[in-house]
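Report on the structure given below.
The values are calculated or read from the model by the stated rules, or taken from the named source; none is laboratory data. The structure displayed is predicted, hence computed values, not measured ones. Because the Cβ atoms are built from the backbone with ideal geometry, glycine has one as well, and the counts that use them run over all protein chains shown.
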Amino acid sequence: MDRKIRATQLWPLWWRITITVAGITIAYLVQIPLERQAPGEPFLLFFLVVISGTLAFGSTAGFVAVGLSTLLTVPFLELLGSYFVLNHAWDLAKVELYAILSSGCVLAVSRVRKTLIAVSEKKEILQQLDENKSLLLRETVHGVANNFASIAALLTMKSYSISDIEAKRTLDAAVEQVKVMARVHRRLRARDHDVSVDSAAFIRELCDDLKKMVSGRQIHIERKVDSLPLNMEQAVPLGLIVNELVTNAIKHAFPNERGGRIRVRFEGLNTQLRLSVDDDGVGFMHCPENDTHIGQGQELVRGFARELGGDLEIEPTTSGSSCRVTFPYAIPRSI
């Protein structure tokens, strides 16, 4: 309704007055047959038109309606007298009381109308500010994602010139972690005052990228991910954990070109979230390689898990190993 009132404010004054006068005229014509049922009481219908005209078109139209309706009440009060002359003091008092009450209502309704218009304008300004803030946030997030991608590309180029195998491996791991953070920012949504990352789309995209490490080997990465909104503080460590666990499984659980499956599962458990990464490889205990890199990877994952408020659980299985991280769910906050 407030938008309609603001729209009528832009109409020319003579339009608003003409429509108000037309409303009073229609009320007068309707009142003529009603006079036979309720003689001498023409005020209510005129009063409704005065209120409606003031609310729709402002105080000027309202006062015009009061003046015209006051004159038109006279014939209904003095059916036997002169058309414009009142012969009884009580009739004069009723007309004056109607004019005073109607004028007071015009002033009151006019203030209400101005308040509605002011609230509507303020609401639109706030809505526009929110839209601008969301747009700015999306552009910022997009720029940060591009910066992360540029850093990852730069580090990748630098790794080509490094001959030390250990240093190259460390740098490649750092590149993957930077890519995870870039992916989080690329998936970040700013909508309806919420900033969040959809867990299903994020983890699936991450697993698709990790499949490139398989390089034609018979290693399949299966995903079963619940779709839940994650704030950035949880999405980044979670992505780094997925990246580290799946990478370690690909590198260490399937030696000698062995094939197998890696299962990534993410689920909501009431107030908690659980990430599980299982494989049917040789397991950590039987890995023929040095345990140093595996131990470093586990400590890194434990650090990310503690950042989420959880811990890493590793269990050997009859056909490989199982890693789980359970942590409390933090609902994305409003901006």
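Just name the residue that is modelled with the lowest pLDDT out of those in the stretch 172-225 that are part of a strand (DSSP E or B) and within 28 Å of Gly281 (Cβ to Cβ). Filtering first and then ranking leaves Ile219.
Ala305 satisfies every condition listed in (1) part of a strand (DSSP E or B); (2) under 23 Å from Asp198 (Cα atoms) except (1). Every residue in the stretch 233-282 that is among the polar types (S, T, N, Q) and at positive phi, please. The answer is Asn256, Asn270.
Annotation note: of Leu245, Leu300, the sole residue that is at pLDDT 85 or above, in a helix (DSSP H, G or I) and closer than 30 Å to Pro332 by Cβ is Leu245. So, Val141, is that one at pLDDT below 75, under 24 Å from Ile203 (Cα atoms), assigned to a helix (DSSP H, G or I) and not assigned by TED's automatic domain parsing to the domain that holds Ala61 or not? Against the criterion (at pLDDT below 75, under 24 Å from Ile203 (Cα atoms), assigned to a helix (DSSP H, G or I) and not assigned by TED's automatic domain parsing to the domain that holds Ala61), Val141 qualifies. Across the stretch 308-321, the qualifying residues are those that are within 37 Å of the chain's Cα centre (by Cα) and part of a strand (DSSP E or B), and the one among them that is nearest to Glu233 (Cα to Cα) is Asp311.
Could you list, ordered by first residue, the pairs with Cβ atoms under 7 Å in which the first is in the stretch 202-226 and under 14 Å from Asp279 (Cα atoms) and the second is of a type in the set (Gly, Ala, Ser), at least 6 apart or interchain? Between residues of the stretch 202-226 that are under 14 Å from Asp279 (Cα atoms) and residues that are of a type in the set (Gly, Ala, Ser), the close pairs are Gln218/Gly259; Ile219/Gly259; Ile219/Gly260.
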